[in-house]
Amino acid sequence: MFGSSGMRVPVVGMGTWQTYDVRGTEAEERRVVTDAAFEAGATFFDSSPMYGEAEHVLGATLQGRRERAFVATKLWTADDREAERQVAAAFRCFLGRVDVYQVHNLVAWPRRLAELERLRVAGTVGVIGLTHYSRDAFAELRRAMADRRVGAIQIPYNPLERDVESVILPAAADRGLGVIVMRPFGQGRLARRRVPPEALVPLAPFGVASWPQALLKWILSDARCHVVIPATTSPAHMRMNAAAGRAPWFGPEERAYVARLAQT
Ligand SMILES: NC(=O)c1ccc[n+]([C@@H]2O[C@H](COP(=O)([O-])OP(=O)(O)OC[C@H]3O[C@@H](n4cnc5c(N)ncnc54)[C@H](OP(=O)(O)O)[C@@H]3O)[C@@H](O)[C@H]2O)c1
């Protein structure tokens, strides 16, 4: 899916929840985070109208390079007129095109899918996606994923949140859907875990030099996952994260090892 639309897969991108919901000088400072993402080749960005100023701030940091970015955003409303307003706002921020347009948290997904399909046929949307963060919604996500208009899903996945492994990831692989992984660091909690440097030595041949990189590589080494979108306010973290998006990938032994480290 993402491969056929021209993206290198698998890739590290960037989320914008909270981190890009800022104003004034803080908003201007986010440009250097986007700069770091571009320099590192991490040009997949995820946003939503639910994230306050984030679409607007992301759009501003993409000025002059929008065509080199892959933008994913979302519709988040049960109201048709509000949906139209959200589309118009996103098209202003992202210069008339959204590469992956997702139904946020499955809100009113049958109505939103119809609308997104019209935009896809018109050529202003690349791929239609569905997102949900909660395992309580995975049965409904599974039903919605069967719709032929859907080309991608966005779900949480990390060594401590593995609910998608039983049904959602196998179904996505069966249907050939693109899989975007949210919350790779459990909203930062997992990345901040103190893992001693000597514990990372066995992962050095895989290009892993830090614990956050081990977590991102754990995700992307699952062949059913295509894009991981850690959020950050730090250019240095952005560079570190992007470096985890390169081969060689972990095998089952390294994945089991990282999962054990995450539990300690
Ligand atoms: N329902 C949905 O559709 C939904 C729900 C949740 C999330 N999402 C998407 O998924 C994205 C990612 O999830 P998330 O923002 O909840 O959390 P996350 O990416 O798991 O964690 C973000 C946190 O990790 C820290 N971090 C990032 N890189 C780091 C590094 N190299 N070293 C140490 N700390 C690092 C950041 O702090 P620093 O600023 O200090 O780097 C930030 O506090 C969101 O931004 C959003 O785009 C979608």
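Brief remarks follow.
- Residue in region 100-123 that is of a type in the set (Asp, Glu), surrounded by 14 or more Cβ atoms within 10 Å (Cβ to Cβ) and in a loop (DSSP other than H, G, I, E, B) present: no
- Residue pairs whose Cβ atoms lie under 8 Å apart, separated by 6 or more positions or on different chains, with the first residue in region 228-240 and closer than 23 Å to Val179 by Cα and touching a residue at least 60 places away in the same chain (Cβ under 8 Å) and the second within 7 Å of the ligand (Cβ to nearest atom) and assigned to a helix (DSSP H, G or I), are Pro230/Pro212; Pro230/His237; Pro230/Asn241; Thr232/Asn241.
- Test result for Val258, over 19 Å from Ala37 (Cα atoms), modelled with pLDDT of 95 or more and part of a strand (DSSP E or B): no
- Residues that are of a type outside the set (Asp, Glu) and more than 21 Å from the chain's Cα centre (by Cα) within region 84-107 comprise Arg85, Ala88, Arg92, listed in sequence order.
- Filtered residue count, region 161-177, keeping only those that are closer than 18 Å to Leu215 by Cα and basic (Lys, Arg): 1
- One residue stands out among those in region 124-144 that are within 17 Å of the chain's Cα centre (by Cα) and surrounded by fewer than 19 Cβ atoms within 10 Å (Cβ to Cβ): the one that is farthest from the ligand (Cβ to nearest atom), which is Ser134.
- Checking Arg97 against (1) more than 16 Å from Ser47 (Cβ to Cβ); (2) surrounded by fewer than 19 Cβ atoms within 10 Å (Cβ to Cβ), the condition it does not meet: (1)
- Residue within region 239-246 that is outside any helix (DSSP H, G or I) and surrounded by fewer than 22 Cβ atoms within 10 Å (Cβ to Cβ) present: yes
Residue-wise test of (1) touching a residue at least 24 places away in the same chain (Cβ under 8 Å); (2) touching a helix residue (DSSP H, G or I) at 6+ places or on another chain (Cβ under 9 Å); (3) within 29 Å of Ala139 (Cα to Cα); (4) within 14 Å of the ligand (Cβ to nearest atom).
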| residue | (1), (2), (3), (4) |
| --- | --- |
| Thr16 | yes, yes, yes, yes |
| Ala27 | yes, yes, no, no |
| Asp35 | yes, yes, no, no |
| Pro49 | yes, yes, yes, yes |
| Glu53 | yes, yes, no, yes |
| Ala60 | yes, yes, no, no |
| Arg81 | no, no, yes, no |
| Gln102 | yes, yes, yes, yes |
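The values are calculated or read from the model by the stated rules, or taken from the named source; none is laboratory data. Quick caveat: nothing in here was measured; it's all calculated off a predicted structure. Note: ideal-geometry Cβ built from the backbone for every residue, glycine included; neighbour counts use all protein chains shown.
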